[in-house]
Amino acid sequence: MSSKYFVCFTIFILFIFASIFYSGRTIDYRSKFLLFTSLPPSNATPCSSSATQLRRRPLNVYMYDLGMKYNVGMLKGPHYDGPPVTIETLPEFPHYTGLRRQHTVEYWMLASLLYPENGTRQQEAVRVLNPDSADVFFVPFFSSLSYDTYHNQGNETESKFDDQLQAEIVDFLQKSKYWKRSAGRDHVIPMQHPNAFKHYRDKVNAAIFVVADFGRPSPSVSNLRKDVVAPYGHVVETFEADDFSDPYDSRRTLLFFRGKTKRKAEGKDRKQLEKILSGQKDVVFEANGVAEGGVNASTKGMRSSKFCLDPAGDTPSSCRLFDAIVSHCVPVIVSDKIELPYEDEIDYNKFSIFFSREEAKKEGYILDQLKRISKTKWLEMWRYVKNITHHFEYQYPPKNGDAVSMLWRQVEHKLPAVKLAVHRNRRLKVPDWWR
């Protein structure tokens, strides 16, 4: 062994002298032996995914202090008002069903910013009390609940109160120096109900809207470039016990649908689907029978079916997609203009089947395509949908990876475009000269 060391040492010395002779100048030996000088000290943390990954800074969110009449006061009763909500005064979310349960993203986003552990663990967004340190500004106006509470009751006086609240929010924002600074581009406003903030959307259309889809507003007011698509709150309960040894054979119904067929706009196609699918073997198509059996009947039907039909509603999307997802029933989506939540992170083709409106109108086409899907392929889709279900859960306390966590991430994805627009508009003398 000693002879080997001697040989290595001799070669090392010869290399040093050769380098000096060749270059004729002093050498930085550290650069010659970078491998050795770059080794970590003996007490360095060993490589591991948890130890070496950089902790990403969460999104800093400033939430405006608005009186309760604009948000949680509506949960306590019409026209209820009070000081800005705190964690101590945050009411539990009621056990709503129907539309009020579907359009609740505004509550969950607000609650996530009030959570007492906010900032003590890895989160997508944290509330900051200094607006100058904020990345975005959250406007805690429950525009969907306001529509359902006041405008949707057929009472003209109450409808005017919803309009009044919208007007007051617009006035408040337009007086804010932080709104003026960016023209509202870095502000986040939930508007999940298609008629929420109905009469004043165009006054705040530079903001980031959190919406269900883009079926009602014009593209100049709301669009995928600037806005975030949120999942509906699912009405059926999540299928927690879906652990059958053979889930394919245990789901005996091929295709399931239960809902109204008397719809407007794109939803008119449902009546034609009823004619094509109703009465077919291995198909359950229950039209306009929602009241009979209620949510329990829908829950049972989805959990016992391989595929769940999700045609467009009054707008391109419907809650039925998210009921199917939490039931682990492979969604069959019939909608030409649907936009889906977090689609830059989730590939819906891996667990959903898509048909255009024209394809769905072809006699026997949908069933023929579904029957061609093998058991192996279906199981692959079923496993995938089971693994992503948690991304569609609204809950309190919030959890990493749940629906609100994903939405705050989507908001963050919009920020580069926001910053570009803000910085550019500050220096332009002739706005949008290139149009």
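Worth a mention:
- Within the stretch 319-337: backbone nitrogen closer than 17 Å to the Arg383 label point (7 Å, Cα to C-beta): 328-330
- For the stretch 356-435, the list of GluC sites (Glu not before Pro) that fall in a loop by DSSP and count at most 11 other C-beta atoms within 10 angstrom reads Glu363.
- The relative contact order of the stretch 271-350, computed from alpha carbon pairs under 8 Å that lie at least 6 residues apart in sequence, is 23 percent.
- Over 31 Å (Cα to Cα) - which of Lys281/Lys377; Lys69/Lys337; Lys300/Lys337 fall in this group: Lys69/Lys337
- Once the Cβ-Cβ distance of Asp81 and Ala183 is raised to the sixth power relative to R0 = 25 Å, the FRET efficiency obtained is 0.25.
- The label-point distance for Ser374 and Asn349, in a model that sets each label 7 Å from Cα toward Cβ, rounds to 1.9 nm.
- Average accessible surface area per residue within the stretch 119-252, 1.4 Å rolling probe, Å²: 42 Å²
- Charge sum, other residues only, whose C-beta stays under 11 Å from His390's C-beta, Lys/Arg counted +1 and Asp/Glu -1: 0
- When each of Lys180/Lys399; Lys175/Lys226; Lys226/Lys375; Lys160/Lys180; Lys76/Lys414 is checked by Cα-Cα distance, pairs over 31 Å: Lys180/Lys399; Lys226/Lys375; Lys76/Lys414
- If you take all other residues with their beta carbon under 9 Å from the beta carbon of Arg258, and give Lys and Arg +1 and Asp and Glu -1, the sum is 0.
The values are calculated or read from the model by the stated rules, or taken from the named source; none is laboratory data. Quantities reported herein were computed from a predicted structural model and do not represent experimental measurements. Every residue, glycine as well, gets a Cβ built from its backbone with ideal geometry; the counts of neighbours run over all protein chains shown. The area values use the complete protein model at the heavy-atom level, side chains included, leaving out ligands, DNA and RNA. Shrake-Rupley method; radii C 1.70, N 1.55, O 1.52, S 1.80 Å.
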